[in-house]
Amino acid sequence: MILPLAFTAALSFAPLAAKLPADQKPFECSRCAAWNERVEPYRLAENTWYVGTKGLSSVLVVDDEGLVLIDGGLPQSAAVILDNVRKAGFDPRRIRWILNSHAHFDHAGGIAALARLTGAAVAAGRDGVVALTRAPYHPDDPQAGFGVASRYPSVKHVRAIDNGDTITVGHTTITAVASPGHAPGGMSWRWKSCHDGTCRDVVYLDSLNPVSTDAYRFSDHPAVVAALRASADRLAALPCDVAMAAHPDQLPTPKDAATTPCAAYAQEGRENLRKRLEKEDAK
């Protein structure tokens with residue numbers, strides 16, 4: 001998540017929000033409106049559609065036996081995501097699983113509503129379950145200092161996932177890739193997309209961005225720094241033909257044909273961490 005600059009009250013939305021279920025009441029922040037702008041769904045790979053908003057990714061993995069949705073944006077993103085699922089030609093009631101990259105308000109905020117509206121089961125990294133079910137943060141999260149200002153609707157039942165665990169729907173298997181550091185329990189997800197005998201590796205990339213409260217110093221938390229570096233190495237090594245980042249604008253273009261989208265993303269994550277540590281050392 002890229003942290004919004006400020007949390008605001010937005011009283012003009014109060015009458016509308018009052019009519020919505022509690023798990024869909026808009027979360028207000030300085031970037032939320034821009035993040036939540038509608039975009040048309042589009043195909044990423046044969047069995048994979050982008051159904052998210054302009055600034056917050058949500059991906060639909062399609063199998064004849066059912067659908068899997070990855071990430072839920074903000075609470076107010078839920079309706080947009082479901083509209084995009086329908087526009088792409090699919091029935092949201094066929095969503096069997098909702099998977100989470102990491103438990104922050106801008107990627108998990110809509111999951112409670114999406115689960116309620118579709119009946120889908122929810123899965124997340126083991127430490128992410130702590131935040132999803134209690135909202136908003138795991139106590140070891142670099143952003144935990146933001147506290148209740150970042151509260152989003154909690155999810156009642158979440159399956160805990162570890163690195164290498166799989167979710168299978170029909171002939172499609174999605175594998176969890178542990179990606180902690182930006183948030184405890186962070187998970188990326190990978191699967192195959194096949195057509196006419198040719199298969200491509202698709203990866204949904206969790207954030208590697210070292211974002212925190214101003215008071216938090218990554219240099220004082222070597223385990224978190226090590227986790228970010230290990231996550232970058234793990235993602236860089238993945239077979240990766242097609243990728244999508246949790247924020248779509250954070251996916252860099254590879255510099256050459258030999259560099260996969262995942263490797264380019266991992267290298268940018270390493271560079272962001274290096275800059276953050278240098279900034280802390282300079283203070």
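We did not get these values from a lab; they are worked out from the coordinates using the rules stated. Please read these numbers as outputs of a predicted model, since none were measured by experiment. Ideal geometry is used to build each Cβ from the backbone, glycine not excepted, and the neighbour counts take in all protein chains shown.
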Cα-based Lys proximity count in the chain, under 22 Å, for pairs eight or more positions apart or on separate chains
5
Magnitude of the Cβ-charge dipole of the stretch 109-248, K/R +1 and D/E -1, about the Cα centre, nearest 20 debye?
380 debye
Can you work out the Karplus-derived ³J(HN,Hα) for every residue in the stretch 102-107? Use 6.51 cos²θ - 1.76 cosθ + 1.60 with θ = phi - 60°, whole Hz, and x for glycine or proline.
8, 8, 10, 4, 8, 10
Highest to lowest packing among 23-30, 163-170, 118-125, scored as the average C-beta count within 10 Å:
118-125, 23-30, 163-170
Are there cysteines in the chain with no second cysteine's Cβ under 4.7 Å away, and if so, which?
none
Under Stokes-Einstein, with the Kirkwood radius over Cα pairs standing in for Rh, what whole-number D in µm²/s applies to the stretch 39-282 at 37 °C and 0.692 mPa s?
184 µm²/s
Enter the Cα centre distance for the pair the stretch 217-283 and the stretch 167-189, rounded to the nearest angstrom.
17 Å
Dipole magnitude of the stretch 39-282 about its Cα centre, charges +1 at Lys/Arg Cβ and -1 at Asp/Glu Cβ only, in debye to the nearest 20?
460 debye
Using Cα-Cα distances under 8 Å and only pairs 6 or more residues apart, what relative contact order does the stretch 39-282 have, in percent?
16 percent
Mean Cβ neighbour count within 10 Å, used as a protection proxy, ranking 70-81, 254-265 highest first:
70-81, 254-265
Cα centre as origin, Lys/Arg/Asp/Glu Cβ charges: the stretch 199-283 dipole, Debye:
140 debye
Where trypsin sites (Lys or Arg not before Pro) fall in DSSP loop in the stretch 113-197, at most 14 other Cβ within 10 Å
K156
Can you work out the FRET efficiency for the pair S219 and D241, with r the C-beta to C-beta distance and R0 = 41 Å, to the nearest 0.05?
0.70
So if I take the alpha carbon set of the stretch 125-180, get Rg, then get Rh from the Kirkwood formula, what is the Rg over Rh ratio?
1.07
Which order do the peptides 86-97, 240-251 come out in when sorted by mean C-beta neighbours inside 10 angstrom, highest first?
240-251, 86-97
Looking at the stretch 63-208 from every direction and averaging, what is the projected area of its Cα convex hull in nm²?
8.4 nm²
Just name one of G72, L251, L60: the one whose Cα is farthest towards the positive end of the charge dipole of the chain (beta-carbon charges, Lys/Arg +1, Asp/Glu -1).
G72
The stretch 100-146: relative contact order in percent, alpha carbon pairs under 8 Å with at least 6 residues between:
37 percent
